[in-house]
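Visitor: Sharing a structure below in structure tokens format, with a few things to ask.
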Amino acid sequence: MSKTINGFSKLTKEEKVQWIAEHMFVNSEEAIYVLEQYWNTDKKLQKLHDDFVENTLSNYYLPFSVVPNVSINDKIYTVPMVIEESSVVAAASLTTKFWSKRGGFKAEVISTTKVGQVHFMFFGDKSELKKYFIEKKEDLIFSTDAITKNMRIRGGGILDIELRDKTSDLANYYQLHITFETVDSMGANFINTCLETIAAEFKRDDIQIIMSILSNYVPDCLVYAEVSCKVEDLYKENAEENAQKFLTAVKIAQIEPFRAVTHNKGIMNGIDAVVIATGNDFRAVEAGVHAYASKSGVYKGLTNCSIENGIFKFWIEVPLALGTVGGLTALHPLSKFSLEMMQHPTAKELMQIVAVIGLAQNFAAIKALTTKGIQHGHMKMHLTNIIKQLGASEYETVMLNNYFKDKSISHNAVREAYQQLKQKGDFGSAQPPE
Ligand code: MEV
């Protein structure tokens, strides 16, 4: 049977499902069932999701969770997270609770400038191009007048246009490097529309426009977040030694790229989850964050730590181009819900919240890694999942959790213990906690 098709996008959703099921699956009925079981019974809601992208067959669920009690600049938020990794939300919740009892997180937006570029080739005399640009600059800005009107009313718009000579890197290559303030919107569409309008206005016979596009590298759209407390308040035991180990782990991520990537992956567990929940573009954020992590030429951890005069301080500085209006933020019912749950944050406030969750995630990971090890927490969640899958009762769940407190966890071991519990009623000495 042919696995290629012409005009797939023209088929109805039902026809697409049928074709996929018949051509790609041994059991086509089961394939159809898998897709259809995720269709929403609310047809209007389903249509909304179908229309986000082309060729939609079904919905792909991820858990929508929340982290309560997040204290940032003395304001309390309940933060939404969309993520499948079992221990991430638990880690964020524990950490934000931990810090809410130690003064909470402090955060500050450093800058909010975004960048777009018109990339072009010019084959003539450089000084002639410079002259043309200076003469034309006002017209370029004016050409976007209608597009920028609303943004200007809200306090944003085009900040500046610069001519950049890149000919030493690529012959005849120049840019119009344009900076924007997009206030509460992420601004991708706004920036790209402005750029294409400017490019059309700038074009002339000896200028070849290559492309006009925003940059997802946003080193000047930067947010800072920190926590601090007395070293003695950081750990129940061996506070000084554990704090020094924490500090060393952070330093290792500053000098060792293999570690830095994983260190930052843990930060992105938190960042991406909130970015997705609020309908923002996590690929843009990912690209920008990792580029920023390599801005020195070496890929580094995004967090820093100090211990001075008995005070432990841990902080992050991260570029985040986010929006709280426009795009999916208003279209996806759960993004709208997320923003309302956080009391309608401005984009600046959302930058702070996202940075804080990234920092919290990293704190949880480093603390676990340098003390009990990461598998301890992961395995606890794993155990919960296995117990659920086995269909254990409440009593059996308590018994199994107690039994596995000091044992290594695997699917097999839990299943065997469960069977023993079913047959014998207990494990002998392992009794459920009071
Ligand atoms: C796992 O998703 C994230 C960690 O590997 C992060 C880290 O190592 O810092 C635990």
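Visitor: By its C-alpha gyration tensor, with a ≥ b ≥ c as the square roots of the eigenvalues, how is the stretch 1-84 shaped: rounded for a/c under 1.5, else prolate for a/b larger than b/c, else oblate?
Guide: Numbers: a/c = 3.20, a/b = 2.67, b/c = 1.20.
Prolate.
Visitor: Quick one: grab the alpha carbon gyration tensor of the chain, order the square roots of its eigenvalues as a ≥ b ≥ c, and give me rounded if a/c is under 1.5, else prolate or oblate depending on whether a/b is larger than b/c.
Guide: On the way: a/c = 2.32, a/b = 1.41, b/c = 1.64.
Oblate shape, in that a/c is at least 1.5 and b/c is the bigger or equal ratio.
Visitor: Moving to a separate point now. Going through the cross-link list K137/K300; K114/K136; K114/K166, which pairs have a Cα-Cα distance over 27 Å in this structure? Display every interim value, and only then the final one.
Guide: Values: K137/K300 38 Å; K114/K136 22 Å; K114/K166 20 Å.
Pairs exceeding 27 Å: K137/K300.
Visitor: So, one more: Cβ neighbours within 10 Å, averaged per peptide: list 95-107, 259-271 in order, most packed at the top. Walk me through the numbers on the way to the answer.
Guide: Working: 95-107: 19.3, 259-271: 21.4.
Descending packing order for the listed peptides: 259-271, 95-107.
Visitor: Then there is this: Compute the FRET efficiency between N150 and E256 as 1/(1 + (r/R0)^6), taking r as their Cβ-Cβ distance and R0 = 45 Å, and round to the nearest 0.05.
Guide: On the way: r = 47 Å, r/R0 = 1.05.
That pair, N150 with E256, gives E of 0.45.
Visitor: What full-extension length gain, to one decimal in nm, is calculated for F8 and V34 as 0.36 nm per residue of separation minus the Cα-Cα distance? The partial results should precede the final answer.
Guide: On the way: separation 26, 0.36 × 26 = 9.36 nm, distance 2.02 nm.
Answer, rounded to one decimal: 7.3 nm.
Visitor: If you don't mind, there's one more thing I want to ask. Sorted by accessible area with a 1.4 angstrom probe, largest first, how do L383, L94, L369 fall?
Guide: Numbers: L383 5, L94 125, L369 80 Å².
Largest accessible area first, the list is L94, L369, L383.
Visitor: Output the DSSP H helices from the chain with an along-axis C-alpha extent of no less than 30 Å and a mean Kyte-Doolittle hydropathy no less than 1.0. Don't jump to the answer; show the numbers that get you there.
Guide: Values: long enough: 347-369 (33 Å, 1.16).
Span-like helices in the chain: 347-369.
Visitor: Roll a 1.4 Å probe over the protein heavy atoms and report the accessible area of M379 in Å², nearest 10.
Guide: The accessible area of M379 comes to roughly 50 Å².
Visitor: L322's amide H: which non-local residues (gap 5+, or another chain) put their own amide H closer than 5 Å, with H modeled 1.01 Å from N in plane and none for Pro or chain starts?
Guide: It is none; the list stays empty.
Visitor: Placing +1 on the Cβ of each Lys and Arg and -1 on the Cβ of each Asp and Glu in the stretch 357-428, which of G358, V414, M379 has its Cα farthest towards the positive end of the resulting dipole?
Guide: G358
Visitor: Between the stretch 1-52 and the stretch 180-209, how far is it from one alpha carbon centroid to the other, in angstrom?
Guide: 38 Å
Visitor: Excluding residues fewer than 8 places away in the same chain, name every one of the aspartates and glutamates whose C-alpha is closer than 18 Å to that of K10.
Guide: K10 reaches E22, D50, D51, E54.
Visitor: Follow-up. Apply the a/c threshold of 1.5 to the C-alpha gyration tensor of the stretch 8-50 and tell me whether it is rounded, prolate or oblate. Walk me through the numbers on the way to the answer.
Guide: Numbers: a/c = 3.65, a/b = 1.48, b/c = 2.46.
Cα axes put the stretch 8-50 in the oblate bin.
Visitor: Further question: Provide, for the stretch 16-99, the number of lysine pairs with alpha carbons under 25 Å apart, each pair being eight or more places apart or on different chains.
Guide: Values: K16/K43; K16/K44; K16/K47; K75/K97.
Lysine pairs meeting the criterion: 4.
Visitor: Keeping all protein chains in position, work out how much accessible area L334 exposes to a 1.4 Å probe, and write it in Å² to the nearest 10.
Guide: Accessible area, nearest 10 Å²: 80 Å².
The values are calculated or read from the model by the stated rules, or taken from the named source; none is laboratory data. What you see is a predicted model, and the numbers here were worked out from it, not measured in a lab. Here Cβ is always computed from backbone atoms with ideal geometry, including for glycine, and neighbour counts include all displayed protein chains. Areas reflect the complete protein model, heavy atoms only, side chains present, ligands, DNA and RNA absent. Shrake-Rupley method; radii C 1.70, N 1.55, O 1.52, S 1.80 Å.
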